[in-house]
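S.K.: One structure, as structure tokens, below. Some questions next.
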Amino acid sequence: MNLDSGNIRFRHRFEYGLFKAFDGVLSALSWTLIWTLGETLGLCFWAIDGRHRRVVRNNLRSSNLKLTPEKIDQLTRHAFTHYGGFFLSLIKLRHASEEELEQWIQVDGLEYFDEALNEGKGFIQLTGHYGHWEAIALAQSAHGRSLDVIGRALDNPLLEKISLAFRTRFGNRVILKNGALRESIKAIKEGRGVGFLLDQDGLGEGIFVKFLGQWASTHASAGALVAKYQIPILPVFSWMDQGRIHVQFHPLVRLSPSGHADQDTWVATQVMTRILEEQIHRDPRWWFWLHNRFKTRPNHENPALSPLPPKEWLELSKSY
């Protein structure tokens, strides 16, 4: 990555210097202590960040999880403590050896990755902002199962260089969001897997699918690739388990094409979204409830937004 010194501002250098100072101190701490400090930091933000507390509570109340007020309070606090640990743990993972990754991350179900890869026609590796998504790609590549992951470049080019090195250190490739569809098609034609996190608000560019009981604007790129190239979906999720990160790959999901591109894209997107929802229902503690997932609402009077799907499409998606 070439850095143009003309694009480096004082703020970038200040942020980089601050990161390096914390990186030097925190990387020397133990894995357990890093998580404890991160959870404590998250608890501090829970106490002072009223805006994000409201986002979490609104997400939980409006979901179809049927939570009691006591459970909402518990999950709200956990959302902050978990992601405090998540962000500090990235420093340890950045420096981790393969032996340390084996100690800190348990990976199960890699045979499903191998099954998808051996078909030779590419696949979509599906996850969401659930558990420790950065650990998934890092751990699987350390086990020799690399893939292409889609991500947004950081605003700070100095920190982006560090982030890119972290994500690609064991053979993964990063596809930047600008031009992601073109590069994803190229990867699929090479028989590689492309990783998608499918639980962000698609804004005006998304299509509406059902998620946690609401219509949610969702990016359709992964669904379009599944529909066009008739490739399998490989779900994978992670969560914390007694101080370790547990990564679990699930059996492949295959969809039957109807020959109607819009319908097949929508059905694929809905099926993948439902897979994410089912994981959240199994254990809601690990989803990123701090994200305002339902900011974009359906509005038939706004031609810039995607219309809701026909009822028969929704019924068809339930057959998978």
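S.K.: Out of the residues in the range 88-108 that are under 18 Å from the mean Cα position of the chain (by Cα) and farther than 13 Å from PHE170 by Cβ, state the one that is surrounded by the fewest Cβ atoms within 10 Å (Cβ to Cβ).
M.R.: Of everything passing the filter in the range 88-108, LEU90 is surrounded by the fewest Cβ atoms within 10 Å (Cβ to Cβ).
S.K.: Tell me which residues, restricted to the range 198-215, are in a strand (DSSP E or B) and farther than 25 Å from LEU252 by Cβ. Give the derivation first.
M.R.: Here is the first cut: in the range 198-215, the ones in a strand (DSSP E or B) are 201, 207-211, 214-215.
Residues satisfying the conditions are ASP201, PHE208, GLN214, TRP215.
S.K.: Could you tell me how many of the residues in the range 248-302 are touching a Pro at 6+ places or on another chain (Cβ under 7 Å), outside any helix (DSSP H, G or I) and among the β-branched types (Val, Ile, Thr)?
M.R.: Just the residues of the range 248-302 that are touching a Pro at 6+ places or on another chain (Cβ under 7 Å), to begin with: 250, 252-254, 264, 266, 275, 300.
Narrowing the set further to residues that are outside any helix (DSSP H, G or I) leaves 250, 252-254, 300.
When the remaining residues are screened for being among the β-branched types (Val, Ile, Thr), the result is 253.
Of the residues in that region, 1 qualify.
S.K.: Give me the residue from the range 152-170 that is outside any loop (DSSP other than H, G, I, E, B) and under 19 Å from HIS132 (Cα atoms) and, out of that set, nearest to the chain's Cα centre (by Cα).
M.R.: ARG167
S.K.: Could you run through the range 171-197 and say how many residues are within 16 Å of THR265 (Cβ to Cβ), at pLDDT 95 or above and not in a strand (DSSP E or B)?
M.R.: 3
S.K.: List the number of the failed condition for ALA28; all other conditions in (1) surrounded by fewer than 16 Cβ atoms within 10 Å (Cβ to Cβ); (2) of a type in the set (A, V, I, L, M); (3) assigned to a helix (DSSP H, G or I) hold.
M.R.: Going through (1) surrounded by fewer than 16 Cβ atoms within 10 Å (Cβ to Cβ); (2) of a type in the set (A, V, I, L, M); (3) assigned to a helix (DSSP H, G or I) one by one, ALA28 breaks only (3).
S.K.: Just to be sure before I move on: is LEU197 touching a Gly at 6+ places or on another chain (Cβ under 6 Å) and in contact (Cβ under 8 Å) with a residue 60 or more places away in the chain in the structure I sent?
M.R.: So LEU197 passes the test.
S.K.: Let me ask you something else. Just the residues that are over 20 Å from ILE233 (Cα atoms) and within 18 Å of the chain's Cα centre (by Cα), please, taken from the range 178-201.
M.R.: Residues satisfying the conditions are ASN178, ASP201.
S.K.: So is ILE280 in contact with a Lys or Arg (Cβ under 9 Å, 6 or more places away or on another chain) and of a type in the set (Val, Ile, Thr) or not?
M.R.: no
S.K.: Shifting gears a bit: Is one or more of the residues making up the range 153-171 in contact with an Asp or Glu (Cβ under 7 Å, 6 or more places away or on another chain) and within 25 Å of ILE280 (Cβ to Cβ)?
M.R.: no
The values are calculated or read from the model by the stated rules, or taken from the named source; none is laboratory data. None of these values were measured; they are calculated from a predicted model. Here the Cβ is made from the backbone with ideal geometry for all residues, glycine too, and neighbour counts use every protein chain on show.
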